[in-house]
């Protein structure tokens, strides 16, 4: 019985040693591939192989972290280089002197690059902010220019229509004008008395004027108040002297 237990124990030990040797061999193979990749300038492949080494071993070591620091730095990934440097401090006691010295030489270099990156990001943010201000200012000026041009065009249109207008008691000293497919009323000085909110307008008579809006006819007074509601009238006629209009409902 004792011989059987001894044989089983030895068998289990040999199995464990075999697995351990297999993992170590696999880790060593990936590490050598990482070295080759680093020396050929394929830093991403080197890092990938080093991560595989750590997965295989279930941990890391000073030699792996040494090469990770160098590969991340060469790749320009200074944040991960800094993380590997910080991690290396936990394994520095087991590292060879030449490895420690080389890794320590990266501390200042990595910190310098990180500071440069932060400064570059800050400058870019400042530039973006300035560019945003410039673009907003440009857009504002463009809108102001467009509004000013529209106002000038509108005033020119009023001046042109004033040339043909006449004002008296009969039309309440208001004149129907149209601009950009909209109609309203101006006074004798060219001021907009009733906004151009209508599709069509007639001049005032007997204190009322027919207007059309959204395809429907109605009548307003000189203050722009609706006197006859907008409806689908079949036909409308001008107001007579006694203040009545002839109309037919559709």
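Rule-based calculations on the coordinates, nothing more; no lab input. Computed from a predicted structure; not experimentally measured. Positions of Cβ are generated from backbone atoms using ideal geometry, with glycine treated the same way; all protein chains shown enter the neighbour counts.
Structural descriptor for region 45-86: relative contact order 34 percent, calculated from alpha carbon pairs under 8 angstrom and at least 6 residues apart. Output the 0 to 90 degree angle, nearest 10, between the alpha-carbon long axis of helix 2-39 and the longest principal axis computed from the alpha carbons of the chain. Here the helix axis deviates by roughly 50 degrees. Averaged over residues, the count of other Cβ atoms within 10 Å places the peptides 212-225, 114-127 in the sequence 212-225, 114-127, highest first. The spacing between region 55-76 and region 193-229, judged by their C-alpha centroids, is 84 Å. Across the chain, the mean sequence separation of Cα contacts (distance under 8 Å, 6 or more residues apart), normalised by length, yields a relative contact order of 7 percent. Taking every C-alpha pair closer than 8 Å and separated by at least 6 residues, the mean separation divided by the residue count of region 109-250 gives a relative contact order of 11 percent.
The angle between the Cα long axis of helix 97-162 and the main principal axis of the chain comes to about 10°, on a 0 to 90 degree scale. Computed from Cα positions, the angle between helix 43-57 and the longest principal axis of the chain comes to roughly 60 degrees.
Between rounded, prolate and oblate, where does region 158-231 land on the alpha carbon gyration tensor, with a ≥ b ≥ c its root eigenvalues, rounded for a/c under 1.5, else prolate if a/b exceeds b/c? Note, shape of region 158-231 comes out oblate. Ranked for footprinting exposure by Cβ neighbours inside 10 Å, fewest first, 82, 163 give 163, 82.
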